[in-house]
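The values are calculated or read from the model by the stated rules, or taken from the named source; none is laboratory data. Not measured: the values here are computed from a predicted model. Glycine also receives a Cβ, built like all others from the backbone with ideal geometry; neighbour counts cover every protein chain displayed.
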Amino acid sequence: MVTFVLASRSPRRREILVEAGFVFEVVPPDDGLEDDPLPNELPSDYVKRLALWKAENVLNKIDRGIVIGCDTVVVCNDEIIGKPTDRSDAARMLRMLRGTLHYVQSGLCLCSKPNGIRRVADAVSTLRMIEFTDDELEEYLDSEAWRGKAGAFGLQDSNGWANLVDGSESNVVGLPLELLKQMIESNEFFLVRNNCGRHASWERSNVEHLDDRVS
């Protein structure tokens, strides 16, 4: 039986896979793999680069299996917005996003061992955030629900500030399930559909094939 390994500490990513019916292990990547965007690096290239780093880091820790690496950012006015460092940073991010149309972009990587196949792709979802008040902002900041979330918010938060306009809901939460299912359906990984979960819909997506092989 194929072993899936999630290269993430995110409880939201674990929940997405559990709810979709996956059986998997969790092996977090090493600390310090987060990196700032390179000069003129596009959001899609940035998240794919970090997802690949995370997956390859964990691949070196296991004997065999398929490693799932993912990285998610928010993009607003061409600025890449990651996770807030503290309360004031979260407030800055949320004020920037307030009342705007913005995007959640995730890079997704699958690395397989021992056959050395690796694939990387990205997914984009469009969101609109309401014009919340300063008092509402302070209340949300007090809740500390912003911690560990790209853009300092989550679609799953109960405040209803963010509305999905287009794209995958699971992508906004932290892992694009539809894209993941399409990638692992490939016979390159010798998987059967029964191992791919049961709840998400299938959709076409542009998957980038990398010729490199990992040992």
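Scanning segment 11-32 for residues that are over 11 Å from Ser170 (Cα atoms), outside any helix (DSSP H, G or I) and among the hydrophobic types (A, V, I, L, M, F, W, C) returns Phe22, Val23, Phe24, Val26, Val27. Among the residues of segment 115-151, the one identified as among the polar types (S, T, N, Q) and within 21 Å of Ser186 (Cα to Cα) is Asn115.
Here segment 154-173 is the region considered, the condition is being within 14 Å of the chain's Cα centre (by Cα) and of a type outside the set (Val, Ile, Thr), and the residue that is farthest from Ser125 (Cα to Cα) is Gly154. I'd like the full set of residues that are touching a residue at least 60 places away in the same chain (Cβ under 8 Å), more than 13 Å from Leu180 (Cβ to Cβ) and among the charged types (D, E, K, R), limited to segment 2-14. Arg12, the sole residue that qualifies. Within segment 167-197, restricting attention to residues that are polar (S, T, N, Q) and surrounded by 15 or more Cβ atoms within 10 Å (Cβ to Cβ), which residue is modelled with the lowest pLDDT? Per the stated criteria, the residue is Asn195.
Of everything listed in (1) outside any helix (DSSP H, G or I); (2) within 15 Å of the chain's Cα centre (by Cα); (3) closer than 14 Å to Cys111 by Cα; (4) not acidic (Asp, Glu), the single unmet condition for Lys48 is (1).
Under 21 Å from Ile80 (Cα atoms), in a loop (DSSP other than H, G, I, E, B) and not small (Gly, Ala, Ser), is that true of Leu175? It is true that Leu175 is under 21 Å from Ile80 (Cα atoms), in a loop (DSSP other than H, G, I, E, B) and not small (Gly, Ala, Ser).
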